[in-house]
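One structure is given here, and the rest of the page talks about it.
The values are calculated or read from the model by the stated rules, or taken from the named source; none is laboratory data. These numbers come from a predicted model, not from an experiment. With ideal geometry, Cβ positions are generated from the backbone for all residues, glycine too; neighbour counts draw on all protein chains shown. Just the protein is used for accessible areas: all its heavy atoms, side chains included, with ligands, DNA and RNA removed. Shrake-Rupley method; radii C 1.70, N 1.55, O 1.52, S 1.80 Å.
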Amino acid sequence: MNRISVNVNGTVYEDEVEPRLLLVHHLRDRLGLTGIQIGCDTGNCGACTVDLDGMSAKSCLVLAVQADGCEVTTVQGLAQDCAQHPLQRSFHEQHAVQCGYCTHGMIMAARDLLRHNPDPGPQEIRHALKGNLCRCTGYQNIVKAVRAAAPGREASACVEESRT
């Protein structure tokens, strides 16, 4: 057993874990954060995507001991003061969910994209989400939701309006 300390959604958790325990299982089974889905356990589907020290990571590919001393943000950690994160709200408003299984991972991957590119085009969004699979929606509304939540969209909309 290894002792780890991980800051998850702003709370520090200390725990004894087996060296082979995956981060996804630690978050779901030990900490009760069931918003993280277990899809493939191979890193192919992206349902388990979290933010690990400021970078998007598939938690089924990370051992819990590797997260020792790290900061992890899950989809549950995005809401602030009971207000949904803009991506959470946009996915709802744009009907970017059907079964909802992939939604948490899609939102986390999209958040990572928007941190680096505040106004991505549809192709950039599709490229950034290529590691996250959805078998229900066809991705159209997911792309619309990410575009609608992009912080750079407001600025570019103002520029476009001033030109007309």
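Taking a ≥ b ≥ c as the square roots of the eigenvalues of the Cα gyration tensor, region 72-143 is classed as oblate, since a/c reaches at least 1.5 and a/b does not exceed b/c. The slack between Arg30 and Arg153, meaning 0.36 nm per residue of separation minus the straight C-alpha distance, is 40.4 nm.
What separates the Cα centres of region 58-110 and region 14-57 is a distance of 11 Å. Taking the accessible area of region 69-118, probe 1.4 Å, and keeping the other protein chains in place, the carbon and sulfur fraction comes to 50%. Solvent exposure of the chain amounts to 54 Å² per residue of accessible area, where only protein heavy atoms count and the probe is 1.4 Å.
Placing dummy labels 7 Å off each Cα toward the beta-carbon, the span from His116 to Arg20 is 3.3 nm. Sorting 129-135, 105-111 by their mean Cβ neighbour count within 10 Å, with the most densely packed peptide first, gives 105-111, 129-135. Looking at region 1-146 alone, DSSP beta bridges between its own residues are antiparallel in about 90 percent of cases.
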